[in-house]
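Taking it in order: structure first as structure tokens, then the write-up.
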């Protein structure tokens, strides 16, 4: 197996297993990993327009997250208001129930992140992360993640 092929399959295997573990943690909360990402992004960066939200999502790159948002609005977790900076747009933000749920999502993600930390505790992770950033940066999902990282560094 060539190195690039193995790298691709290793990333896929880790992504699938991580998503499966996260889905199991989120199941009692009644949200999917994609819905949880929307809630986390709104919690960390909101209020946002639909377009701005889409630019920060890894789960829906290249697509409009409108279906995800519609479902979260119907569940009473996200609200749409007129954007105060431009009345032509809607600003998405968390409802009180969405804020409470986002705290529980953080706790669920923490369980997964701790498991990952435990698995790689004795590994030189910084270099691996930098390599993966270079690779991911060539794709829309990696660009979305880079925008989120940059926004968090600005705050």
Look through 52, 115, 108 and report the one residue that is buried (at least 17 other Cβ atoms within 10 Å of the Cβ), at pLDDT below 95 and in contact with a helix residue (DSSP H, G or I) (Cβ under 9 Å, 6 or more places away or on another chain).
52
Unique match (being free of Cβ contacts under 8 Å to residues at least 24 places away in the same chain, exposed (fewer than 15 other Cβ atoms within 10 Å of the Cβ) and more than 16 Å from the chain's Cα centre (by Cα)) among 79, 123, 103
123
Residue hits (the stretch 26-49; outside any loop (DSSP other than H, G, I, E, B), surrounded by fewer than 19 Cβ atoms within 10 Å (Cβ to Cβ) and more than 13 Å from the chain's Cα centre (by Cα)) are 27, 28, 29
Given the conditions (1) under 18 Å from the mean Cα position of the chain (by Cα); (2) surrounded by 15 or more Cβ atoms within 10 Å (Cβ to Cβ), which single one is not true for residue 129?
(2)
Within the stretch 118-148, how many residues are in a loop (DSSP other than H, G, I, E, B) and touching a helix residue (DSSP H, G or I) at 6+ places or on another chain (Cβ under 7 Å)?
1
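The values are calculated or read from the model by the stated rules, or taken from the named source; none is laboratory data. Because the structure is predicted, anything quoted here is derived from the model rather than measured. Please note: Cβ atoms are built from the backbone with ideal geometry, for glycine as well, and neighbour counts cover all protein chains shown.
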